[in-house]
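Following: one structure in C-alpha cells, then a few remarks.
Bear in mind these aren't lab numbers, they're just calculated from the coordinates by the rules spelled out. Here the structure is a predicted model, which is why all the values come from computation and not from measurement. All Cβ positions, even for glycine, are placed from backbone atoms using ideal geometry, and neighbour counts span all protein chains on display.
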Amino acid sequence: MSALRRIPAVLLLLVLGMAIGYRPARAGDEWQPIDPAELKMTSEPLAPGAPAIYLYRQVDRDDANGHEYTYARIKILTEEGRKYADIELPYVKGAGSIHSIKARTIRPDGSVSNFAGQVYDKTVVKAKGLKYLAKTFTLPDVQSGSIIEYHYMYDWEQDLVYDSHWILSEELFTKRAKFSLKTSTYFPVRWSWFNLPPGTAAPKEESGAVRLNVQNIPAFETEDYMPPENTLKARVDFVYTQNSEANADKFWKSEGKRLNDKVESFTGKRKAMEQAVAQIVSPNDAPEEKLQKIYARVQQVRNLGFEAGKTEQEQKREKLKDTNNVEDVWKRGYAYGREITWLYLALVRAAGFEAYPVLVSRRSDYFFDPHLMNSFELNDNVVLVKLNGKEIYCDPGTMFTPFGLLPWPETGVAGLRLDKDGGSWIKTMLPESSASRIERKAELRLTDTGDLEGKLTITFTGLEALWRRIEEHNDDEAARKKFLEEQVKEYVPAGIEVELKNKPDWASSAQTLVAEYDLKVPGWVSGAGRRGLMPAGLFSGTEKHVFEHANREYPIYFEFPFEKADDVTIELPLGWKVSSLPAPQNQDGKAVVYTLKEEYNNGTLHLTRKVKMDLLMLDRKFYGALQNFFRMVRTGDEQQIVLQPGT
C-alpha cells in the first residue's frame, strides 16, 4: 500500500492499492539496441524451461515532478511464452494516468513490427475475485524466438508524494534491470531493501537520484497458502516522513503523540456526542447492549469508501462537504470508514466506557515491522473497548463487520494503541476456527441412474460471511448469484447443476450469510457389476489438490482459522441397500482436525464431515506433516460406499 502526502503541508493520508510498480520519468523515447546474441537465444541456463524471460527492465521514477517511466524487453523462448504478448499495465483510476505507450515485436530474423493497434481500458479479474483497472493491448506477430518490448509513462499530480516500492521479483526471470528514483524535495526519504540477489550492491544515491542495478533475478513462483507476495519478493521500499528520528523507540513515541493529537482533535466533541448517545441507548440497557446499539447506529452512517466510483459530475451534484470532526459525521450522516470508526470511539467514550484508538497494519499486502519506522504502514484503525476486564476490538468503519469481529487483514496484527504519552504496542484478537465456519447441509435423494438431486443450504459464519459481503458489495444480484453458484461448483469434485433459490442478506452485518440451492450431481454413483460405488466426500473439491507439490519454498500462511462442517442426508431408491460403509475417520491434530462418519438406517444414508484449521502461519519445515494430513483427508474422502441396487 502506498502512502500519499500533499505538498506543501501534510494534509492527508490516502491509501492506494496499486498492483503496478510505482516509478517515474525519463524523457528518452529511444529503443535499446538489439543484441544479435539475444535474437539467437533459445534458452536461459539460469532459468531452465522458462517460457520467456526479461532481457531488460528499467524503471525511472521522479517524485519531484510526478511521473514514472517504465521499459521492458522480453524474450519469448517457447510457444507457451507467446502469452506474454498480451500486455496489462495496471493503474488506479483517478490517481494517475498511463500514456505514451509504445511497443514493438522483433522477429527472430531481426525485422521489426511496430504496434499500431488499439489500447483498451478494462477491468481485469484475477484469482479470488481480485479486480483492477489496466491498459491492455496485444503485440503483433509474436512467435517463439521473438523479442517483445514496450515502454510507457505514468503521471500523477505533481503536488502529491507517494511512498513507493521497487518490486524486483517478477513472474519471469530477469537478466538485467535498472532502477532510479529522483526523490521529492519536500520530505526527507528513507529506504530499505529485502531479499536482493546475492552479490547485489545496495541502492545508493548518486547523480541526484537513488539508483540500483541488478542482474539474474529469479522468477517468482507462487504457492498455495503463502504469505503476501510482496513480503517475499526482492524489493526496495522508500518512505517519506517529516520525522527523521533514527531510533525506533523514540520515533514511535513521537509519532504516537502526534497521531493521538490528531485523533483527539477529531473526536473531541464531548457535549455533542453525549447528546447523540442519549438518542441511541437508554439508561437501563446493559453495558454490552449499549455498545452494540451504538455500533449498529454508527454502521447506518453512509460509508463513502464502499461506494462505487462516481464521475466528477456526480460528485459535484451531491455537494458533499468535508467532515472535520465527529460532530460533522453525526450531523451529515456520511463519512469514510476511518471517520466512522472514530465516531464510534467518541460515542462509546461519551457513554462512559474506557476506549482507545488503535492504528493497525493490514497483513493482506505486507507484514508490519516497527523497525522500518513507517507510520503510514499503520493503514487502518479500530477501537479497543474494555468491558468487565475483557478487551473488545471493533471496526464499524468496514461495512458488514459484526460487532466484536475484525476483518481478517486486521486480525492477529500489531497495532499502536494511542494515548497522550505516545501509546503502546498491542496485538489484535485472532478468532478461533469455530468463529469462521462454512456449514453445508444437504437433503438429497439418489435416482436409479446414480444421480443426486435435492436441496443444499450453506451457512457462512463470521469471517467467511464478511469477506463474501465485502467482495460482492458493488455487484448486482445476477453477479452475486453466479458468485455463490460457482463456489458450490468448487466444493463438489464433479460436474454439477446448481441454482441459487433464495436472496441472501448481503446488506447487513449479521454473523451469518445463508444461501439455499437446488443441486443435482449427475452420475455421482458409478456402477461396478451389480454394485454401485459412491464417494464418501461430496464437498471435498477444495481439499482435493491442496499441498500436492513435493517441495515447499515459503512458509504456509492461512488468512484466518476456519472450519467446514458437512451434514448430508441421502435417500436411496426403493429396494436399494448399503452393502458396506467405509471406516470412520478421526484425524485430530488439535490445530488440524478431519472427521468423517457414515451411517445407514432404513433406506437413508447420513454423512457428516468436518475439516478444521486453527493455524495462521506455519514454518515450511512442517510442510511434510501438513501434506500428510491433507493426504489423509483425500484418502478418507475418496473412500467408497458400496450400494446394492434394487431389482
query = Using modelled backbone amide H atoms (1.01 Å from N, in-plane), which distant-in-sequence or interchain residues come within less than 5 Å of Leu172's amide H?
reply = Phe220
key: In order through the stretch 538-549: 3J(HN,Hα) via Karplus (6.51 cos²θ - 1.76 cosθ + 1.60), integer Hz, x for Gly, Pro   = 6, 10, 9, x, 6, 9, 5, 10, 7, 6, 8, 5
request  = Highest first, please rank the peptides 326-335, 353-362 by the mean number of other Cβ atoms sitting within 10 Å of their residues.
outcome  = 353-362, 326-335
query = Gly541: net charge of surrounding residues, Cβ under 9 Å, Lys/Arg +1, Asp/Glu -1, itself excluded?
reply = 0
request  = Rounded to whole Hz and in sequence order, give me ³J(HN,Hα) for the stretch 556-573 from the Karplus expression 6.51 cos²θ - 1.76 cosθ + 1.60, θ = phi - 60°, writing x for Gly and Pro.
outcome  = 8, 9, 9, 5, 6, x, 8, 9, 10, 10, 10, 9, 10, 10, 10, 8, 7, x
inquiry  = Given points 7 Å out from each Cα along the Cα-Cβ axis, report the Leu304 to Glu171 separation in nanometres with one decimal.
reply    = 3.6 nm
request  = Kindly write out, for the stretch 467-478 in residue order, the coupling ³J(HN,Hα) from the Karplus curve 6.51 cos²θ - 1.76 cosθ + 1.60 (θ = phi - 60°), rounded to whole Hz, with x marking Gly and Pro.
outcome  = 5, 5, 5, 5, 4, 9, 5, 9, 8, 7, 4, 5
Segments 111-121, 600-610, 542-552 sorted - mean Cβ within 10 Å per residue, highest first = 600-610, 542-552, 111-121
query = Taking amide H positions as placed 1.01 Å from N in the peptide plane, with prolines and chain starts having none, which residues 5 or more places from Leu405, or on another chain, fall under 5 Å of its amide H?
reply = Asp395
query = If you rank Lys390, Lys250, Lys520 by fewest surrounding Cβ atoms within 10 Å, what's the result?
reply = Lys390, Lys250, Lys520
query = Amide H of Phe115: which non-local residues (sequence gap of 5 or more, or other chain) have their own amide H closer than 5 Å, using H built in the peptide plane?
reply = Ala103, Arg104, Thr105
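Quick one: net charge around Ile217, please, counting Lys, Arg +1 and Asp, Glu -1 for every other residue with C-beta under 10 Å from its C-beta.
Here the charged neighbours net out to +3.
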inquiry  = I'd like to compare 615-621, 223-229: which one has the highest average count of other Cβ atoms within 10 Å, and what's the full order after that?
reply    = 223-229, 615-621
ask   = What number, rounded to the nearest 500 deg cm²/dmol, is the helix-based mean residue ellipticity at 222 nm of the chain, given -39500 (n - 2.57) per DSSP H run of at least four residues and division by all its residues?
value = -5500 deg cm²/dmol
ask   = So which GluC sites (Glu not before Pro) in the stretch 21-114 pass both tests, a DSSP loop state and at most 12 other Cβ atoms within 10 Å of the Cβ?
value = Glu30, Glu79
query = In straight Cα distance, which lysines are under 25 Å from Lys250, not counting same-chain residues fewer than 8 positions off?
reply = Lys262, Lys420, Lys427
